Structure formats: C-alpha cells, structure tokens
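Below is one structure, written out as structure tokens; comments come after it.
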Amino acid sequence: MLVKTFCAAVNGLEVTTVTVEVSMSRGVLYHLTGLPDNAVKESRDRIAAAMTNIGYKFPVADITVGLSPADIRKEGSGYDLPLAISILAANGKVIPDLLPHYMLVGELGLDGRLQPIRGALPIAIQARKEQFTGLIVPKQNIREAAVVNNLKVYGMETLTDVINFFNGTALFEPTEIDTRKEFYEQQSQYELDFADVRGQENVKRALEVAAAGGHNLIMIGPPGSGKSMMAKRLPSILPPLSLSESLETTQIHSVAGKLGRDCSLISQRPFRSPHHTISQVALVGGGSNPQPGEISLAHNGVLFCDELPEFNKSTLEVLRQPLEDRHITISRAKYTIEYPCSFMFVASSNPCPCGYYGDPTHHCVCTPGMIQRYMNKISGPLMDRIDIQCEITPVPFKDISQAAPGESSATIRERVIKARDIQEARFKNVKGVHCNAQMTERMIHQYAEPDEAGVTLLRTAMEKLHLSARAYNRILKVARTIADLEGSEKVLSNHLAEAISYRQLDRSDWAERGL
C-alpha cells in the first residue's frame, strides 16, 4: 500500500514542501531515500519505540520511504511525525482520507510525546501558501504557528492524539490567537528606561540622534562611565516594530530555535550583545547545519559589541559588507543561504589599554603610540561605517547623587517616532530606504545639501580639526537627522555643528589630545 503525507524542509528562511511517500510490501527491510541526514535516518528507531509504548507494533514488512523532492537535503527531527503517520496509515492503523489536506511536523519522544521543532512559523506560512487545510505541530510550537491566519493550526501532545485526529475518534479544536491585540499590548513594555540614567545628557542626545536616523554609533570612554548601561536602553527609544517587521524577525528567531514556549510574535526590537570571543560563523551565520548568526538575530534591532577592540580583528571585518548591504549571503560547497540583517550597529570601547585616557579622576599610563595601536584594532573601513563617535567621561559621585531622574524613554521615543515619520514620507518612493542612515550619495546631495554658511562651516571644521574625507557624508547624514528631530526642512549651520561634534575619532590628533 502506498500512502502520502506532507511536511516541510527549512533551508535558511526558505521553506520547501516535502512529500513523504511510504510503500509497504512483504519483506523485512527498511529503506529511506531523499538525502536524509543522520537525524532523519535515526527516526526509524524513535518511531518504533514510540509506537510500542503507545500500544502499536512497528510493521514487519518491507518499507520504502521516499522524501520528495529527492535532491533537497532533509535535516532535523521534524520528519518523525509524518513518517510515523505514513507508516501507520500504510499498515491500516490510520485512515488516510484527511492526510492530503494537512501538513505535519514534529519530533517523537520514545514515549510517544511530541517534542518541539525549529521553524514552525515559516512552515505555517508555507502551509497556508500551499493551501493546506491545516497544520499539526507539537503543543510547544502552537503559539508561533497560530500567528498565521486562514490556516487551522492544531497543537498535539502525543502521537496518539494525532492518530485519533485522523481516525475521527477524538475532537480537537484549532488554536486561534488575537495576534494584533497581543502584539500591540507588549510593544511598550520595557524593563530598562533612560529615566534611570543620571547625567550624561550629551551621550543620551547622541543615542537619540542615532535612534532617529538609524545611525551606527560607537561610545568611547573609561570603565564605569555608563556605556553598556545606556546601550542596553537604546531599544526602548527606537520606533515600535511594524507587523511586517515583527513577522520577519520572528521567522529568523523561529528558524534559530530562539523563541520561548509562550512567544507568538516578537513585539520588541531585538537587542543582541555577543561576547568578544565570538567566532565568524556565530556572528554572520552558517555552520554544517546552517543557522542565522547574531547579525541576523539582530535584524530590525540592535547589535551591541561591548569592548570592540577586544574582538578578533578578522571577525570584525566580516561585518563590513552586511553593514552596507543589510543582508548576508552564506555560500558553502553544499548550500547557499541568504539572511536579512538590517540592524543598528552600536559599539563601546575603552579609549586605551589601561582604560583611563581622558578620565579626570584617574591617571592614564599609556603613550600616544599605545593608544593609537589600541584604537587601530578597529579598522578604518569598519569605522567608516559608524556615523556617530561619542566620547564619554564618568559622572562624578556628587553629580550622580544630586541629579534629578533623567528624561524617560517614552518621552524620547515620541521625538524619535516623529523624526522617523518624516523620513518615511521622504523616502516613500525609494525601495529599501526607510531612514537617513540608508541614504545613498545622490540622496545626500538631494536632501541634506547645506546652504552656503553650512559649506563654509564644514570646510573650516575639516581643515582645523583635520577631519578625514570620509567624514563628510557621515556628517551630512547625521545633520539631516538632527534637522528632522527639530522639524526643519533645511539642514542649517547649527545642525552641522552638532553633527561635526560626533566625529571626534576622525581627528588626526585624537590620541595626543590632553597628554
């Protein structure tokens, strides 16, 4: 007897519908074809044990299993459930009438319980696209899969439940989630708030400008000056995720297996902070079983690299292309996968090896050469992609104790959202450009061209402060954002002056200043 069921193969964010065909005849052999990996090959033993423990016997027959299309590699344990149901249907234990209308995914435990799988959300999207009536997933994956509307999604606990569902001996209701209600309720629930930050008004202003224009930012300052504290609060002032952004972000986290059990849609912008010992593969993605890297997990959010010079230099260099292209293509001998990675890059660094260059309360023991070598660990091309360079000095204790609570994140966020709305209207006819940081050189000349007084100021600044030529476009982008925060149509001299102040590391005498 020949029986067909349907499941899915996830390759990056692309999902392919897989047909599981089981043919049973007289004999004792078990054949599995269709490029299965070891996890799929081992499914036979899990299925046999699960059947035995729920009161069924694994058929004594010649069983041939085909996974079609046969030229796509099948990886993971999500094929256990469709394989088990196909074998039972071929053996006459499951009525096959409903099988063509449902997609099934799930790993089987030896006791017959269904275990969670990765990629339930993109699989559910594919099931709706292929016009299946419904999708059966493990109970733990139900909330992320039920996000997809116009598809009946059933969360099952055991293989017995699935058998009863297809045989009609038990009634199950599909899970429905009010996605929009949950999404909008959780958007503004942040544990960290800028109201907790005392002092450092100039740094908070720089973070506000960065959030308003989507600019990359680096903070340079001694230990204990609040770099990490403020970076962790950056998501609380970013504009809220749209539903389409949330769906795209959730798919990436679903494929990576990073969604919590009770999570449906990710409602807040991601904040990823990898340790400086991270490898290139972990940062950009890939591996023997390709997975999204940290830059993709930070998609539509923030990637924070604390103590940037401590990262391996070759690891940092792989960030250069993704920061420009906002997507990463991973090409290996066996596969080519593309992941989105549009994120804000935020970094922090000590100013020198000892950490106290520029600190008024500690003496720095580093020479200008040592400072320069330390900062040279961050290459020029990478620094070229960072729009805002912000120096931080520690806040004295008396100022911390006397300072009033800072401005709340909600108040700052309102200004950021207004500035982003201006940018969305400006770039509405330009595909792939949503904020000032994404402007091309032609757009800079179109939307951020300074007046005559501004050109004079820029020329003077570049000559007297010895700014590099690469700082010119960055200054204009940031000035355009500052003008948007003030609601100004034109880029004025005061906007340029503030933008120039955010290019401290471009000064040729930076390492010698104050020594």
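The values are calculated or read from the model by the stated rules, or taken from the named source; none is laboratory data. In this text, all values refer to a predicted model and were calculated from it rather than measured experimentally. Every residue, glycine as well, gets a Cβ built from its backbone with ideal geometry; the counts of neighbours run over all protein chains shown. Each accessible area value is taken on the protein alone, full model and side chains, heavy atoms only, with ligands, DNA and RNA left out. Shrake-Rupley method; radii C 1.70, N 1.55, O 1.52, S 1.80 Å.
Pull up the DSSP beta bridges for the chain and report the antiparallel fraction as a percent, rounded to 5. Let's see the in-between values first.
On the way: 27 of 56 bridges.
Of the beta bridges lying entirely in the chain, close to 50 percent run antiparallel.
Using the Cα atoms of the stretch 245-307 to build a convex hull, what is its mean projected area in square nanometres?
4.5 nm²
Would you compute, for the Cα atoms of the chain, the largest minus smallest coordinate along each principal axis and list the three values in descending order, in whole Å?
Answer, in whole Å and largest first: 89, 48, 43 Å.
Using θ = phi - 60° and the Karplus form 6.51 cos²θ - 1.76 cosθ + 1.60, what ³J(HN,Hα) does each residue of the stretch 416-432 get, whole Hz, x for Gly and Pro?
5, 5, 4, 5, 5, 4, 4, 5, 4, 5, 5, 9, 4, 9, 10, 5, x
Using amide H atoms built in the peptide plane, which far-off residues or other-chain residues are under 5 Å from Lys74 H to H?
Asp37
Compute the angle between helix 243-255 and the longest alpha-carbon principal axis of the chain, please, reported from 0 to 90 degrees and rounded to the nearest 10.
Helix 243-255 and the main axis of the chain meet at about 60 degrees.
Going highest first, how would you order 93-99, 361-367 by mean Cβ packing within 10 Å?
Values: 93-99: 16.4, 361-367: 13.7.
Ranking the peptides 93-99, 361-367 by packing returns 93-99, 361-367.
Find the Cα radius of gyration of the stretch 107-261, compare it with 2.2 N^0.38 Å by division, and give the number to two decimals.
Compactness ratio reported: 1.43.
Over the Cα atoms of the stretch 371-463, Rg to Rh with Kirkwood Rh, two decimal places?
1.06
How large is the accessible surface per residue of the stretch 1-124, computed with a 1.4 Å probe and reported in Å² as a whole number?
On a per-residue basis, the stretch 1-124 sits at 43 Å².
May I ask you to order 53-61, 283-291 by the average number of other C-beta atoms within 10 Å around their residues, highest value first?
283-291, 53-61
What residues of the stretch 138-168 lie in the reach of a label at Lys57, counting those whose backbone N is under 20 Å from a point 7 Å from the Cα along Cα→Cβ?
Counting only backbone N, you get 160.
Quick check: pseudo-label points 7 Å beyond the Cα along Cα→Cβ at Ala282 and Arg332, how many nm apart are they?
In this crude label model, Ala282 to Arg332 measures out at 1.7 nm.
Normalised radius of gyration for the stretch 427-471, please: alpha carbon Rg relative to 2.2 N^0.38 Å, two decimal places.
1.43
Which cysteines does the chain leave without a neighbouring Cys Cβ under 4.7 Å?
Among the cysteines of the chain, those whose Cβ sits 4.7 Å or more from every other are Cys7, Cys263, Cys305, Cys341, Cys354, Cys364, Cys390, Cys435.
Can you give the alpha-carbon Rg of the stretch 296-418 over 2.2 N^0.38 Å, where N counts its residues?
Values: Rg = 18.8 Å, N = 123, 2.2 N^0.38 = 13.7 Å.
Output field value: 1.37.
Across every pair of different alpha-carbon atoms, what Kirkwood hydrodynamic radius in Å does the stretch 453-496 reach?
10.7 Å
Could you work out the relative contact order of the chain? I mean the mean sequence separation of Cα pairs under 8 Å and 6+ apart, divided by the number of residues, in percent. Each step should come with its number before you reach the end.
Values: 990 pairs, mean separation 67.5, N = 515.
Value for the chain: 13 percent.
How fast does the stretch 208-335 diffuse by Stokes-Einstein, in µm²/s, taking the Kirkwood radius from C-alpha pairs at 37 °C and 0.692 mPa s?
207 µm²/s
Extending each Cα 7 Å along its Cβ direction at Gln321 and Asp45, get the distance between those two points in nm, one decimal.
4.0 nm
Provide the percentage of antiparallel DSSP beta bridges, counting only those with both residues in the stretch 63-203; round to the nearest 5.
25 percent
If the chain between Lys181 and Ala497 were fully stretched, how many nm would it gain, using 0.36 nm times the residue separation less the Cα-Cα distance?
Going from the current span to full extension adds 109.4 nm.
Near Lys477, which lysines are there with a Cα under 26 Å away, not counting those fewer than 8 places off in the same chain?
Reachable lysines: Lys204, Lys227, Lys232, Lys377, Lys418, Lys428, Lys431, Lys464, Lys490.
Report the full-extension gain for the segment Leu171 to Leu2: residue separation times 0.36 nm, less the Cα-Cα distance, to one decimal in nm.
Using 0.36 nm per residue and subtracting the Cα-Cα distance, I get 58.2 nm.
How many angstrom separate the Cα center of the stretch 98-155 from the Cα center of the stretch 213-245?
If we compute the Cα centre of each part, the gap is 36 Å.
Ranked highest first by average number of other Cβ atoms within 10 Å, how do 78-86, 481-489, 320-328 line up?
Highest to lowest by the protection proxy: 78-86, 481-489, 320-328.
Of all accessible surface on the stretch 184-261 at a 1.4 Å probe, what whole percent is carbon and sulfur?
About 45 percent, which is the carbon plus sulfur part of the accessible surface.
Taking a virtual spin label 7 Å from the Cα of Val395 along the C-beta vector, which residues in the stretch 191-220 bring their backbone nitrogen under 13 Å of it?
Within reach of a label on Val395: 193-205.
Quick one: which residues, 5 or more positions from Asn11 or on another chain, have an amide H under 5 Å from its amide H? H modelled 1.01 Å from N in the peptide plane, none for Pro or chain starts.
Thr16
Under 19 Å from the 7 Å Cα→Cβ point of Asp71, by amide nitrogen: which residues of the stretch 1-26?
Label zone hits: 9-12, 14-20.
Using the Karplus equation 6.51 cos²θ - 1.76 cosθ + 1.60 (θ = phi - 60°), what ³J(HN,Hα) coupling, rounded to whole Hz, does each residue of the stretch 69-81 give in order, writing x for Gly and Pro?
3J(HN,Hα) across the stretch 69-81, in whole Hz: x, 6, 8, 9, 5, 9, 10, x, 9, x, 8, 4, 5.
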